[in-house]
Amino acid sequence: MFEIRIHSRGGQGGVTAARLLAMAALHDGKYATACPFYGAERRGAPIVSFVLIDDKPIKVYSQIRQPDMVVVLDESVMDVVDVLHGLRKGGRIFLNSPVNKEFAGFECKNVDLTGIALRENLVVAGSPILNTPVLGALAKMGVITADSAKKAIREMLSDEHNVKAAEAAYKEMSA
């Protein structure tokens, strides 16, 4: 089973990103679940979501304590949450950042999702929405296929700018 923990802030689309990622995995012929974890949070508060992907039916629906991958949609969350806590040895990190970062013992990839969302005018209440560009980045990392990412986006969201944002993230992230 491949376990992913997504860290974001309320209003950025982290919960929707988890749902989209699970949908894309289903389109790839996998089994998947998405589970958000938050209380009565407000826009801007740290949020965490979990995605499980497997070749076999998944019989759990819960938080993930030892993820294989951590996705960070807002670097400032790292100031208040230990996003690497429990990340398995040799785990993978995706960071929404225009700057390459290194974390000892982990593979880290990044792309500027915020810049992509702003270019595609994916903004709600002044905040860039990062749920669809992150799917393109995760497709580039081989978590899902690019075709399944676009299919899931089109099923859930009607604005084609969302697909363009995913395609941009896929193209802009280094292999």
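Each row is one residue, and each column tells you yes or no for (1) under 16 Å from the mean Cα position of the chain (by Cα); (2) of a type in the set (Val, Ile, Thr).
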site	(1), (2)
Asp82	no, no
Phe103	no, no
Cys108	yes, no
Thr114	yes, yes
Val124	no, yes
Thr132	yes, yes
Gly136	yes, no
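Collect the residues in the stretch 2-21 that are at positive phi and more than 11 Å from the chain's Cα centre (by Cα), keeping them in residue-number order. Passing the criteria: only Gly11.
If you take the residues in the stretch 1-12 that are in a loop (DSSP other than H, G, I, E, B) and either touching an Asp or Glu at 6+ places or on another chain (Cβ under 8 Å) or aliphatic (A, V, I, L, M) (or both), which one is nearest to Val70 (Cα to Cα)? Ranking the candidates gives Met1 first. Of the residues Val83, Val124, the single one that is surrounded by 14 or more Cβ atoms within 10 Å (Cβ to Cβ) and touching a residue at least 12 places away in the same chain (Cβ under 8 Å) is Val83. Identify all residues within the stretch 13-60 that are among the aromatic types (Phe, Trp, Tyr) and either assigned to a strand (DSSP E or B) or at pLDDT 95 or above (or both); write none if there are none. Residues satisfying the conditions are Tyr31, Phe37, Phe50.
Residues in the stretch 1-59 that are closer than 24 Å to Lys89 by Cβ, touching a residue at least 40 places away in the same chain (Cβ under 8 Å) and hydrophobic (A, V, I, L, M, F, W, C): Met1, Phe2, Ile4, Ile6, Leu21, Ala25, Val48, Phe50, Val51, Leu52, Ile53, Ile58.
Total residues in the stretch 140-165 satisfying the condition of being assigned to a helix (DSSP H, G or I) and either in contact (Cβ under 8 Å) with a residue 40 or more places away in the chain or buried (at least 24 other Cβ atoms within 10 Å of the Cβ) (or both): the figure is 12.
The values are calculated or read from the model by the stated rules, or taken from the named source; none is laboratory data. Remember, it's a predicted structure, so these values are computed and weren't measured experimentally. We place every Cβ from the backbone using ideal geometry, glycine too, and count neighbours over all the protein chains shown.
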